[in-house]
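Everything on this sheet refers to the single structure shown next.
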Amino acid sequence: MKMNNLCKDRVNHVEISHDGEDQRIDNYLLKILKGVPKSHVYRILSSGEVRVNGGRAKPNRRLAVGDKIRIPPIRVAQRNQGTAPQDPERFKILYEDEDILAIDKPAGLAVHGGSGVSSGIIEHLRSTRSNQPFLELIHRLDKETSGVLLLAKKRLALTNLHTQIRNNQTRKIYLALVPGQWDQKISKVDLALRKYVSKAGERRVVIDGANGKPSLTLFKALEVNEQTSLIEANLKTGRTHQIRVHLAHINFPILGDDKYGDFRRNKIFQKYDLKRMFLHAHRFSFTHPKSSEKITIESPLPVELREVMRSIDGAQSNQKQNN
């Protein structure tokens, strides 16, 4: 059921079918309430206006077939449509079979509709693959993050991969460029993270040892230069903005990160044509849900990020020659 099938002026009651089985209620509401800001969805959840089988539900509650959801009246304001993605069929397909689709996500595109964006990659893929009865995101990437994006073409593949992710049976490797020379003593950051929505409706994440969820990232330096370090981040847990917050906390913020990064440093590195956050989902390894084969999908560092590194290296070489 989509928003256009719901009455915006009165309470709606929705019964969960197989399409909504095992989904978190926040994700389910975001899917059916197209055009409603995320902040509003989380507000009606936290206030208890949304009910499941007559009771309050936390955002992470998983739904079962037959669950009955009460949705309060919701009026959708006219919103900026944002930039529509390019034709999704032009996205580079990294892997595809009858169960799974992996694409090479460009930076600057949202994976799904949300604040300021009427639709994202998943909505466009569904519209262009009208003969595909089921297509869901297995995981998410931030709008400014590029790289491997995995989607399920069958419900069993989705639930199986979600289980692997929850049980830390997958391996997700990211590449990030940070300012300064990496401290080789740092091999991991093990700090709990807590999500919240600011008064402005912006989703944020903070370090919170008392109330946060356990969050572990392993780090390894790949290239260390005078001005920057290219590092590999291995996500052992998959919290929202995990890499970004962990790196910012240890004073190695990702270059180009306009939310958790360093404004002054970002401004300096714009002269090297850095126009986006330097974070790339490089590799995703998992066990195929049907064949049990070990699968590894890779996306090379995008051209625009390689050019940034080349510009920085060139500037360093010229400086050494002048000295």
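Coordinate-derived values only; no laboratory data. In this text the structure is predicted, and so the values were computed from the model without any measurement. Glycine gets a Cβ as well: all are built from the backbone with ideal geometry, and neighbour counts include every protein chain shown.
Structure above, values below:
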quantity: Total charge dipole magnitude, the range 176-267, about the Cα centre, Cβ charges on Lys, Arg, Asp, Glu only, Debye to nearest 20; calculated: 440 debye
quantity: Net lengthening on full extension, Lys34/Arg310 (0.36 nm per residue, minus Cα-Cα); calculated: 95.2 nm
quantity: About the Cα centre, charge dipole magnitude for the range 3-71 (Lys/Arg +1, Asp/Glu -1 at Cβ), debye; calculated: 300 debye
quantity: Percent antiparallel among DSSP beta bridges (both partners in the range 88-322, rounded to 5); calculated: 95 percent
quantity: Farthest positive-ward along the range 149-242 dipole, Cα basis, beta-carbon charges - from Ser187, Ser215, Gln169; calculated: Gln169
quantity: Dipole of the range 88-322, positive end: most advanced residue of Gly314, His112, Val178 [Cβ charges, Cα centre]; calculated: His112
quantity: Charge context of Pro214, other residues only, Cβ under 13 angstrom, K/R +1, D/E -1; calculated: +4
quantity: Within straight-line cross-link reach of Lys213, aspartates and glutamates at Cα separation under 13 Å, skipping those fewer than 8 residues along the same chain; calculated: Asp190
quantity: Dipole-positive endmost among Leu29, Leu6, Ser47 within the range 3-71 (Cβ charges, Cα centre); calculated: Ser47
quantity: Chain lengthening between Ser291 and His249 when straightened (0.36 nm per residue, less Cα-Cα); calculated: 11.1 nm
quantity: Relative contact order, percent, the range 3-71 [alpha-carbon distance under 8 Å, six or more residues apart]; calculated: 46 percent
quantity: Listed peptides 143-156, 307-320 by packing density, highest first (mean Cβ within 10 Å); calculated: 143-156, 307-320
quantity: Net charge of Cβ neighbours under 10 Å - reference Gly108; Lys, Arg +1; Asp, Glu -1; calculated: +3
quantity: Point-charge dipole on Cβ atoms (K/R +1, D/E -1) for the chain, about Cα centre, debye to 20; calculated: 1140 debye
quantity: Of the trypsin sites (Lys or Arg not before Pro) in the range 197-270, those whose Cβ has at most 16 other Cβ within 10 Å and which sit in DSSP loop; calculated: Lys199, Lys236
quantity: Cα-Cα over 25 Å, subset of Lys143/Lys199; Lys105/Lys172; Lys92/Lys220; Lys34/Lys105; Lys34/Lys275; calculated: Lys92/Lys220; Lys34/Lys275
quantity: Local net charge near Ser291, Cβ-Cβ under 12 Å (Lys/Arg +1, Asp/Glu -1); calculated: -2
quantity: Mean Cα-pair separation over length for the chain, i.e. relative contact order, pairs under 8 Å, 6 or more apart, %; calculated: 14 percent
